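*Asks:* So that we are looking at the same thing, I have put the structure below in structure tokens.
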Amino acid sequence: MAHALKQKIPSPGRWLRDTNLGQAWLVLALAILFGAALAAVQVNLSRRIEANRQNETLSKIPELVWGPARAREIKSGSAAVQIIPGTLQAGSGANPITLNLFKVIHAGQLAGWVIKAGGQGYAEKIDLLIGIDPQVSALTGLFVLDQKETPGLGNKITAPGWRGQFKGRSTGRPLTVAAGLSGSEAAIDAITGATISSRSVTRIVNRVMAAVKDSLEVDTFRPIERRS
Amino acid sequence: MQVLPTPTERFIQGILPENPVYRQLLGLCPTLAVTGGLKPALTMAAAVGFVLLCANIITSLIRNLLKPHLRIVVFTLTIATFVTIVDRFLAAYLYQMSKALGPYIPLIIVNCIIICRCEVCASRQSVPAAAADALGQSLGFGLALAGIAAVRELLGTGMLAGYPVLPESWPDWVIMVLPPGAFLTFGLLLALVNWISADKQQGEGGGS
């Protein structure tokens with residue numbers, strides 16, 4: 001009697017082995033366990049990762065406004081430097097664009113603007129920081145935040161020598177890209193073997209300059225409320 | 001029943017006799033892609049090592065619960081979890097390196113070395129053997145990557161791990177840090193490793 005009863009009610013172990021749920025229970029249990037672990041990692045690290053991104057941008061801004069040497073001087077000086085992140089509605093007509101930018105104030109005076117802009121490069125998206133003077137008449141610097149151009153060729157857009165060419169260029173007319181020294185004032189020297197990367201950067205700069213030329217005024221600048 | 005290698009044997013096999021790159025020709029995507037410099041190569045090797053160790057230990061712990069037809073799903077799930085953890089940690093603590101390695105960290109999920117070790121070793125052997133296997137294979141992978149990266153960085157830029165080594169007059173062989181340089185270096189080193197081991201076997205009085 002007892003023997004027969006035992007056969008009718010299978011042990012939990014056997015029941016698990018025989019059903020679909022039993023087959024997949026390990027996958028489900030692991031998925032829940034791993035999901036919880038990943039959520040914990042994300043909760044603990046996401047702020048730090050976001051801060052890394054923000055810090056990289058902020059650390060480059062003084063250089064873009066004043067150049068490396070003067071930026072160091074100002075950093076060690078007594079007057080406070082304020083960097084206010086904000087957005088700007090630029091462009092005209094039916095398709096206005098919103099730009100992310102930073103307003104830089106030194107000793108109570110507007111020292112310049114730094115605009116974050118991106119566009120398609122040869123390989124992937126190129127993200128730039130573009131420095132513009134307070135009068136919006138000239139570029140004060142260029143920095144490549146993110147790029148995945150060809151190593152050894154296109155990634156030379158990050159070299160200080162090449163991006164330094166943009167400094168001091170007038171915002172009044174679009175820049176062109178030329179191979180070799182063309183002598184034209186508005187020409188950017190193309191990197192040998194990476195004309196497309198050179199053009200991509202110049203195109204992004206031109207687009208931003210065209211958009212902000214008329215609308216970079218204090219009244220259209222909207223500071224972002226920083227959450228602490 | 002087939003006799004499985006001991007933990008010590010597993011560890012030693014991973015370094016050269018069963019080197020993942022030179023012997024098994026596995027995990028070649030990062031081997032070719034991130035060996036332009038010594039630093040990214042070593043970071044990649046460390047990341048793969050961590051994922052392999054964790055995946056092997058977890059797989060070994062649950063090896064008696066694995067269903068044959070569901071084992072690949074379990075391996076992939078485990079590997080993907082640890083890869084995501086590595087990816088987040090790099091972005092948080094080595095931000096520049098994380099940017100430099102780009103998509104190659106998430107791509108560790110499909111690195112055949114790890115799934116191969118889970119299948120061949122960890123799903124059949126105890127935790128010590130699985131851990132020793134992971135350490136040996138990681139070391140073998142790291143040495144392979146470091147070898148290729150050292151050659152490419154030195155000839156391509158005249159530097160090692162970012163420090164100038166060759167004189168200023170060295171004409172940087174840019175091709176070495178470009179994709180063709182990866183294939184050239186890998187092919188030549190692979191031939192060298194095979195030549196040395198073939199030579200050794202002959203010296204011992206007979207090949208296999």
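Laboratory data are not the source of any read-out in this text; all were calculated from the coordinates shown. All of these numbers come straight from a predicted model, not from anything done at the bench. For neighbour counting, all protein chains shown are included, and Cβ atoms are generated from backbone atoms with ideal geometry for every residue, glycine included.
*Asks:* Over chain B, what is the relative contact order in whole percent, taking alpha-carbon pairs under 8 Å and six or more residues apart?
*Replies:* Computed over chain B, the figure is 33 percent.
*Asks:* A further question follows. Within the set A:LYS75/A:LYS125; A:LYS60/B:LYS99; A:LYS75/A:LYS116; A:LYS116/B:LYS39; A:LYS60/A:LYS156; A:LYS60/A:LYS125, which residue pairs have Cα atoms separated by over 27 Å?
*Replies:* Correct reply: A:LYS75/A:LYS125; A:LYS116/B:LYS39.
*Asks:* Taking the Cα centre of the protein assembly as shown as origin and charging only Cβ (+1 Lys, Arg; -1 Asp, Glu), how large is the dipole, in debye to the nearest 20? Write out the running numbers ahead of the final one.
*Replies:* Numbers: 39 positive and 26 negative charges, 239 e Å.
The dipole magnitude comes to about 1140 debye.
*Asks:* Over chain B, with a Gaussian network built from C-alpha contacts below 10 Å, which listed residue (B:LEU94, B:LEU70, B:LEU190) shows the highest mean-square fluctuation?
*Replies:* Among B:LEU94, B:LEU70, B:LEU190, the largest GNM mean-square fluctuation belongs to B:LEU70.
*Asks:* Follow-up question, since we're still on this one. In nm, give the distance between the simple-model label positions of A:LYS213 and B:LEU189, each being 7 Å from the Cα along the Cα-to-Cβ direction.
*Replies:* 5.2
*Asks:* Using only Cα atoms, find the angle between the long axis of helix B:38-61 and the longest principal axis of chain B, and express it within 0 to 90 degrees, rounded to the nearest 10.
*Replies:* Helix B:38-61 and the main axis of chain B meet at about 0 degrees.
*Asks:* Test of understanding: express the Cα radius of gyration of the protein assembly as shown as a ratio to 2.2 N^0.38 Å, with N the residue count.
*Replies:* The reported ratio for this selection is 1.28.
*Asks:* Below 20 Å, Cα to Cα, which aspartates and glutamates can B:LYS200 reach? Residues fewer than 8 away in the same chain don't count.
*Replies:* Leaving aside aspartates and glutamates fewer than 8 places away in the same chain, those within reach of B:LYS200 are B:GLU9, B:GLU18.
*Asks:* State the answer as a single residue: which of B:VAL21, B:MET44, B:SER126 lies farthest towards the positive end of the charge dipole of chain B, with beta carbon charges of +1 for Lys and Arg and -1 for Asp and Glu, about the Cα centre.
*Replies:* B:SER126
*Asks:* Taking Rh as the Kirkwood radius, which is the inverse of the mean 1/r over Cα pairs, what is the Rg/Rh value for region B:48-149?
*Replies:* On the way: Rg = 13.9 Å, Rh = 13.9 Å.
For region B:48-149, the value is 1.00.
*Asks:* Here's something else I'd like to know. Based on Cα coordinates alone, diagonalise the gyration tensor for region A:84-223, multiply each eigenvalue by 5, take square roots, and list the semi-axes in whole Å, largest first.
*Replies:* Three semi-axes, in Å: 26, 16, 14.
*Asks:* Run the numbers for A:LYS125 and A:THR176: contour at 0.36 nm per residue of separation, minus the present Cα-Cα distance, in nm.
*Replies:* Numbers: separation 51, 0.36 × 51 = 18.36 nm, distance 2.02 nm.
Gain on extension, A:LYS125 to A:THR176, equals 16.3 nm.
*Asks:* I'd like the distance between the alpha-carbon centres of region B:154-206 and region A:191-213, rounded to an integer number of Å.
*Replies:* 37
*Asks:* Let me ask you something else. Taking the Cα atoms of region A:14-118, what is the range of coordinates along each of the three principal axes, in descending order and whole Å?
*Replies:* 78, 44, 20
*Asks:* Ok, one more. Give me Rg over Rh for region B:131-208, both radii from the alpha carbons and Rh done the Kirkwood way, two decimal places.
*Replies:* In region B:131-208, Rg relative to Rh is 1.11.
*Asks:* Calculate how large, on average over all directions, the projected area of the Cα convex hull of region B:79-128 is; give the answer in nm² to one decimal.
*Replies:* Details: hull surface 16.1 nm².
Taking a quarter of the hull surface, the average projection is 4.0 nm².
*Asks:* If you add up the charges near A:ALA210, with Lys and Arg at +1 and Asp and Glu at -1, over every other residue whose beta carbon is less than 15 angstrom from its beta carbon, what do you get?
*Replies:* Taking every other residue near A:ALA210 into account, the sum is +4.
*Asks:* Compute the convex hull volume of the Cα atoms of chain B, divide it by the residue count, and report the result per residue in Å³ as a whole number.
*Replies:* Cα convex hull per residue, to the nearest whole number: 138 Å³.
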